[in-house]
Amino acid sequence: MLNRHLSLALVSLALRISPTSAEDQTAQVWAVFAYTLLGDSIPKVISRANSLTPYGANQLHAAGSAFRDRYVALHADSSMPSTRIESLSPYLLENDDLQIASTSDAAIIASAQAFMQGLYPPLDQSFNDTVLHLNFKLANGSTASSPLGGYQYPQIMTFGLEDPQSIAIAGQALCPAHAFSIVEYIGSKEFWQTYEESAAFYNRLYTLALSGEFDVASANYGNATIISHYLDYQAIHNESLLQNLSPDDVKLARWYAGKYVFATNGNASASDNGMSSDVSTIAGQGLISSILDSFQINVQTQGVNGKMTLLFGSYEPAVALTSLLKLANKQNPNFYSLPNEGASIILELFSLESETYPTYPDPSQLYVRFLLRNGTGAGFRTYSPFGYSPSKTAIPYAEFQAEMQNLSLTSAQAWCLKCNSSAMFCSGVLDTDQNKGYKGSSGISPAVGGVIGAVVTIVVLSLIGIIGFLVYSWRTNALRRSSLGGFKGDRKMASDEDVSFKNPRWGDDVKQADTSDPPNAGFGINARGHERHGSWEMTGQKGSQNNTQPEEQDIGSPFADEIEEEWRLHSTMQPVAAREHV
């Protein structure tokens with residue numbers, strides 16, 4: 001009897017410690033796709049070269065360090081979640097393992113370079129060991145050492161707007177139909193209601209902070225994004241700003257900017273503002289196509305390729321993507337606003353494994369989850385896409401594919417037709433007969449769309465200026481230009497030294513899986529284009545720490561105690577609804 005009870009106890013214990021039990025399974029990440037916003041940069045209204053500031057460089061370096069800690073670095077504590085991509089080199093940068101792309105904007109390129117310094121720091125910081133042979137003996141007997149303590153040179157592809165691959169990171173930029181939809185929004189009741197409601201606020205901003213760089217007629221909701229960027233910059237670099245404005249003023253200006261950006265880039269549902277949702281979210285559609293391509297390559301090569309795809313750009317694609325994924329909703333109202341500088345939108349391709357060193361699984365065992373890291377100091381937070389319940393954060397890969405394919409652009413040709421664009425690369429992807437016979441949703445042929453694209457930006461800016469001037473002229477208490485100092489473009493602090501550019505720019509048998517060749521990536525990010533291998537150095541950096549688990553740098557900020565892990569949202573305002581009516 002005793003032996004029988006003992007046997008039952010041993011069986012029970014064995015079942016509890018069985019490595020195949022569900023609670024023992026961990027998420028093994030196989031591929032990561034991330035879209036990261038640029039850091040703090042010089043505002044357009046200031047008469048200085050477009051560049052990333054040292055503060056912005058530190059923001060992106062901290063972001064890269066956070067990614068290194070999650071996906072690249074080796075950790076002595078085995079109890080940590082298995083988010084490291086085991087086939088990635090933990091110290092030495094292997095450019096074939098990563099796809100890194102940026103627009104041709106100088107500040108965005110610098111953001112990508114600063115991020116990569118955090119992801120793969122100099123070798124004497126991450127792995128201080130002579131086994132890596134940082135010193136080389138030359139024929140004449142002398143020794144050559146790697147510069148900058150073993151600095152690593154990432155291959156960053158930069159895509160100008162005339163490159164079809166730019167659709168993946170800036171699909172709205174040369175899209176005439178998107179630009180025309182902005183004009184339609186400016187003429188809508190929704191725009192004018194917000195314009196009037198915010199007029200007193202912007203007049204006050206002009207008097208207290210904007211007069212040095214803006215005309216009084218330009219201080220209005222139509223320039224919400226430019227004004228918000230300027231105030232964010234001054235709040236960081238000009239200590240006198242918060243002597244005139246409160247932090248709530250800066251937040252409210254950012255809220256209006258978020259409302260404008262969502263209305264023009266993220267409104268994925270119909271509205272009475274006259275915009276076509278299929279066009280307003282065009283930047284997100286291009287980004288989705290790149291996501292699908294990168295994951296499909298990883299699956300079909302069984303984890304050999306597509307391990308980490310890193311794209312860098314502005315806020316429009318991020319807002320459009322989260323809108324298309326239905327993340328902007330009542331449960332997550334902050335997605336109606338702007339993401340923080342250096343924020344990252346992340347999608348992880350993973351499987352649930354019980355083995356210490358698993359082999360690549362069958363696609364039916366793969367899942368995808370969406371995460372957001374909203375700027376410096378924020379953690380990686382998981383959200384449920386496609387309007388699913390908050391508890392459903394792990395989406396089966398096949399289901400994810402089906403949902404995303406309904407939202408993506410199938411090719412550069414699809415973009416050209418949808419945008420009515422006559423961009424240079426469109427002439428190469430559109431057949432002559434299609435060019436002659438096709439008309440877009442607005443009834444405009446691509447040729448005519450090209451003409452519109454050439455002038456619509458001027459029309460938008462002129463319309464905003466004229467509107468502002470007319471409103472200003474009949475206001476009896478119109479404000480005169482203030483002579484307040486402290487916001488002049490020709491004044492800068494010593495700490496605001498610019499970063500400038502001379503040139504813009506894992507082991508046994510494999511489980512059952514598809515072994516066919518990789519798909520044609522279409523217009524997604526391919527290993528071609530304008531490659532950048534050069535280093536971008538942050539000035540004023542003192543010493544280095546040998547640490548295989550880099551920590552995020554604590555970046556000081558006037559609002560450091562108010563950092564959120566979500567889109568910023570002004571506390572006194574309600575978010576703009578996806579179907580807001582006047």
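The values are calculated or read from the model by the stated rules, or taken from the named source; none is laboratory data. Fair warning: this is a prediction, and the values are worked out from it, not measured in the lab. All Cβ positions, even for glycine, are placed from backbone atoms using ideal geometry, and neighbour counts span all protein chains on display.
Here are the numbers for this structure:
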item	result
Output for segment 382-421, where each listed residue is of a type in the set (Phe, Trp, Tyr) and in a helix (DSSP H, G or I)	Tyr397, Phe400, Trp415
Single residue of segment 156-201 satisfying the filter (among the aromatic types (Phe, Trp, Tyr), in contact with a helix residue (DSSP H, G or I) (Cβ under 7 Å, 6 or more places away or on another chain) and outside the structural domain of Cys419 (by the TED database)) that is farthest from Asn244 (Cα to Cα)	Phe180
Some residue of segment 69-83 being in contact with a strand residue (DSSP E or B) (Cβ under 8 Å, 6 or more places away or on another chain) and modelled with pLDDT of 95 or more	yes
Qualifying residues in segment 354-371 (those that are of a type in the set (Ser, Thr, Tyr) and in a loop (DSSP other than H, G, I, E, B)) - the one surrounded by the most Cβ atoms within 10 Å (Cβ to Cβ)	Tyr360
Among the candidates Glu348, Glu316, Glu341, residue that is buried (at least 23 other Cβ atoms within 10 Å of the Cβ) and touching an Asp or Glu at 6+ places or on another chain (Cβ under 8 Å)	Glu341
Spans of strands (runs of 3 or more DSSP E) in segment 110-209 with at least 1 residues surrounded by 14 or more Cβ atoms within 10 Å (Cβ to Cβ), at negative phi and among the aliphatic types (A, V, I, L, M)	156-159
Matching residues, segment 368-398, being of a type in the set (Phe, Trp, Tyr) and closer than 19 Å to Tyr35 by Cα	Phe370, Phe380, Tyr383, Phe386
Test: residue in segment 210-224 that is of a type in the set (A, V, I, L, M, F, W, C), surrounded by fewer than 19 Cβ atoms within 10 Å (Cβ to Cβ), at pLDDT 95 or above and not assigned by the TED database to the domain that holds Asp40	no
Residues (surrounded by fewer than 18 Cβ atoms within 10 Å (Cβ to Cβ) and under 30 Å from Leu366 (Cβ atoms)) located in segment 27-66	Ala27
Answer from Pro317, Pro339 - the residue that is assigned to a helix (DSSP H, G or I) and not aromatic (Phe, Trp, Tyr)	Pro317
